[in-house]
Amino acid sequence: MSLQKQLVLLIRLLQQVGHCNPGIDTGILLIVLLVHFCLCCIFTFEMAEEILLIAGVAIAVLFIFRIYVRGAQCKSKAKLHGKTVIVTGSNTGIGRETAVDLARRGARVILACRSQVRGEVAVAIVQRESGSKNVVFMQLDLASLKSVRSFAETFLKTERRLDILINNAGVYMQGTTDDGLGLMFGVNHLGHFLLTNLLLDRLKECVPSRIVTVSSYLHNYGNLDFDTLRTHKEFGVGESPGSVFWIYAHSKLCNVLFTHELAKKLQGTNVTCYSLHPGAVNSDLSRNLNKMSRRLLKPIAALFFKDVEAGAQTTLHCAVQEGIESLSGRYFSNCAVQKVKAKAQDDAVAKKLWEIKTHCPIQFLHFAVEPKESSGPNIRSTGHFLANNYPQCV
């Protein structure tokens with residue numbers, strides 16, 4: 001077959017793939033033609049045709065590989081007019097892309113972010129990209145239990161509905177929260193645990209409603225040390241790069257177990273919940289890595305990681321896809337339910353993790369909502385009250 005015919009077939013193949021995947025950058029077709037033109041001009045010896053063919057095949061393989069990396073897309077066309085959604089950590093990355101899509105579907109979207117400046121910038125971006133003005137910012141710092149409670153109180157006073165809660169925010173860095181806990185454990189898990197429970201009644205009032213919690217494939221590497229959780233010797237504080245990785249994995253395992261246990265507690269309420277792995281995403285999560293690590297990661301991420309639009313698809317699937325209500329409590333990846341290891345669906349461990357957070361040392365409870373007079377003893381009387389009156393206390 002002549003070189004020209006081979007190129008024609010290659011270009012037609014790329015066009016067909018592009019039509020089937022409209023999100024793919026079809027500019028790659030121009031690269032194929034440019035390579036063809038340059039090589040034909042530069043090479044005048046017999047190897048030019050072979051080199052051109054190899055280059056074309058390499059580009060085609062790369063193009064198809066990028067389609068594979070993007071993964072499945074959320075297929076739901078559901079509209080959300082009259083619905084209200086909270087997306088935590090939505091000033092950047094997959095959180096912001098999630099907010100754009102939901103706003104485009106007609107939802108009122110609350111961007112729950114730590115930084116007011118970045119949050120207000122994100123509001124403008126989401127409004128512009130979605131074409132919706134029904135997007136607002138509310139300040140939420142998941143590294144502070146006081147801020148979580150303040151956010152919930154403000155939201156419940158100012159918003160009548162909550163149809164979808166998306167626990168998206170996450171960090172991958174060392175540090176401690178305002179309450180003295182490990183930053184990753186506090187932000188990735190405990191803050192969302194408290195937020196979800198504080199908003200549960202409103203979600204129950206607006207059924208059918210959903211809770212979507214972003215986890216990670218790295219939860220497979222996580223383990224729970226209940227002795228550490230009880231004594232709070234570390235509670236997820238690490239210094240070395242290795243310890244940071246493991247603590248991140250632990251926090252994401254907590255999210256999967258939390259969703260598993262929450263689904264059992266919500267049976268019969270018409271509130272469903274899901275955890276998910278968004279995929280390896282080229283997002284701002286790596287912003288806290290050192291300069292050298294970011295430089296090394298950049299070319300790898302560009303080739304092998306999803307962009308933020310692709311990374312938001314499984315979150316959107318869990319938030320809006322029709323017919324997945326019976327899968328409440330399950331773990332999703334690539335817009336499909338996935339099996340998890342035994343440790344991520346252990347009923348006893350999930351229950352124990354839930355209960356141990358209700359017995360946190362009192363120094364982590366000083367911002368607790370005061371119970372009604374008939375609810376029981378004062379919050380400072382420890383265990384029995386905490387175990388029986390959560391989520392008023394964490």
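The condition of being modelled with pLDDT of 95 or more, in contact with a helix residue (DSSP H, G or I) (Cβ under 9 Å, 6 or more places away or on another chain), more than 16 Å from Val308 (Cα to Cα) and surrounded by fewer than 19 Cβ atoms within 10 Å (Cβ to Cβ) holds for only one of Gln116, Gln127, that being Gln127.
Beta carbons closer than 9 Å, at least 6 apart along the sequence or on distinct chains, pair a first residue in the stretch 122-148 that is more than 30 Å from Ser251 (Cβ to Cβ) with a second that is among the basic types (Lys, Arg) and part of a strand (DSSP E or B) for Ser132/Arg108; Asn134/Arg108. In this entry, Phe226 is excluded by the filter for residues that are modelled with pLDDT of 85 or more, in the same structural domain as Leu316 (by TED's automatic domain parsing) and not basic (Lys, Arg).
The criterion of at least 1 residues that are under 21 Å from Ile211 (Cα atoms), modelled with pLDDT under 95 and in contact with a strand residue (DSSP E or B) (Cβ under 9 Å, 6 or more places away or on another chain) is met, among helices (runs of 4 or more DSSP H) falling completely within the stretch 234-317, by 241-265, 308-311.
The values are calculated or read from the model by the stated rules, or taken from the named source; none is laboratory data. Not measured: the values here are computed from a predicted model. Here Cβ is always computed from backbone atoms with ideal geometry, including for glycine, and neighbour counts include all displayed protein chains.
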